[in-house]
1. When you scan region 250-275, how many residues do you find that are part of a strand (DSSP E or B) and either touching a helix residue (DSSP H, G or I) at 6+ places or on another chain (Cβ under 7 Å) or loosely packed, with under 13 Cβ neighbours inside 10 Å (or both)?
2. Is there any pair with a first residue in region 191-212 that is under 12 Å from residue 112 (Cα atoms) and a second that is loosely packed, with under 15 Cβ neighbours inside 10 Å and at pLDDT below 90 whose Cβ atoms are under 8 Å apart and which are 6 or more apart or on different chains, and what are they?
3. Kindly state which helices (runs of 4 or more DSSP H) lie completely within region 1-95 and contain at least 3 residues that are at pLDDT 90 or above and crowded, with 18+ Cβ neighbours inside 10 Å.
4. Out of all the residues in region 237-245, is one or more surrounded by fewer than 18 Cβ atoms within 10 Å (Cβ to Cβ), modelled with pLDDT of 95 or more and within 25 Å of the chain's Cα centre (by Cα)?
5. All but one of (1) under 27 Å from residue 288 (Cα atoms); (2) under 17 Å from the mean Cα position of the chain (by Cα) hold for residue 161; which doesn't?
C-alpha cells in the first residue's frame with residue numbers, strides 16, 4: 001500500500017472517530033431539547049437537523065441511523081416513561097427514518113410503544129403509516145395500524161378496516177379476517193377486545209412486541225373489571241337508596257362475588273363520585289369511552 005493510500009485511510013478512520021465522538025456528544029446535549037418539542041420544532045440537536053438534509057451526512061447515514069436508534073431504545077426501555085420521553089421518542093423515530101427509511105424495526109416497535117401513551121396515539125399512527133408507505137405489502141404495518149386505531153385512538157371502525165387490509169396482503173395469516181370482522185361488529189366490548197388481544201399475543205413472534213400486547217391485555221382486564229364494579233355500584237344504590245362506602249359493601253350486599261384482582265399488582269378504589277379506578281392505570285382506554 002502506498003504512503004498516500006495509508007495516509008488517506010488514516011485520515012478516514014480519524015474522521016470517523018471524531019464524527020462518532022461529536023455525534024455521541026450531540027445525543028447527550030440533545031436530550032433536554034428532545035423533551036421540549038415535537039417534530040416540528042426540535043431544533044437544537046445536530047442529529048435531528050442533519051437528518052432533515054441527509055445529503056449532509058456524508059455517507060454516514062446508516063451509521064447515524066444506528067446511533068439515533070440506540071438512543072431511542074434507551075428512552076423506550078424505561079418502565080415508566082414520562083410524557084416528555086414519549087415526545088423525545090417520536091422525534092428520535094422520525095430522525096432514524098430520515099437517515100435510513102429502509103430500517104423496518106423502528107417503525108413497528110416504536111409505533112407500538114408510542115401508542116402506550118394516551119396522549120401519543122396520533123404520533124404512533126404517523127410512525128406506523130410512514131412504515132406502511134415504505135413497505136405497503138408488509139401485512140404487519142396494516143395489522144398494527146389497526147391495533148393502534150382500535151386501542152390507542154378508540155376507533156374500532158378504522159381499526160377493523162386496517163386489519164381487513166392486513167388480511168388482503170400476501171403472506172398474511174388466515175386469522176386476520178376474523179379479527180377484522182370482530183373489531184367492526186363488537187368494537188366497544190371488553191370481552192371482544194380481550195379475545196382479539198389474546199389471539200394477537202399468541203400469534204406474535206417477536207418477544208418485545210408480545211410484551212406490548214400483554215401490557216395492553218392487562219389494560220383491558222382493568223377496564224372490564226371497572227365496568228363490572230361500576231355496574232354493581234349503580235345496582236347497590238338502586239337497591240339500598242344509598243351509595244356504598246367501599247367496594248367491600250358490594251360484596252357484603254351480594255352485588256358481586258368478590259373484588260377482582262388488579263392484574264398489574266395494584267388495587268381498585270371506589271371514588272366519592274361512584275366511579276372506580278385502578279391505582280396502577282392512569283387513564284382508561286379510549287375505545288371503551290362512551291361516544
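The values are calculated or read from the model by the stated rules, or taken from the named source; none is laboratory data. Note that this is a predicted model, so its numbers are computed, not measured. Neighbour counts run over all protein chains shown; Cβ positions are idealised from the backbone, glycine included.
1. Just the residues of region 250-275 that are part of a strand (DSSP E or B), to begin with: 268-270.
Next cut, either touching a helix residue (DSSP H, G or I) at 6+ places or on another chain (Cβ under 7 Å) or loosely packed, with under 13 Cβ neighbours inside 10 Å (or both) only: 268, 270.
Number of matching residues: 2.
2. Pairs found: none.
3. Values: elements: 3-34, 46-51, 61-76.
Result: 61-76.
4. No, region 237-245 has no match at all.
5. (2)
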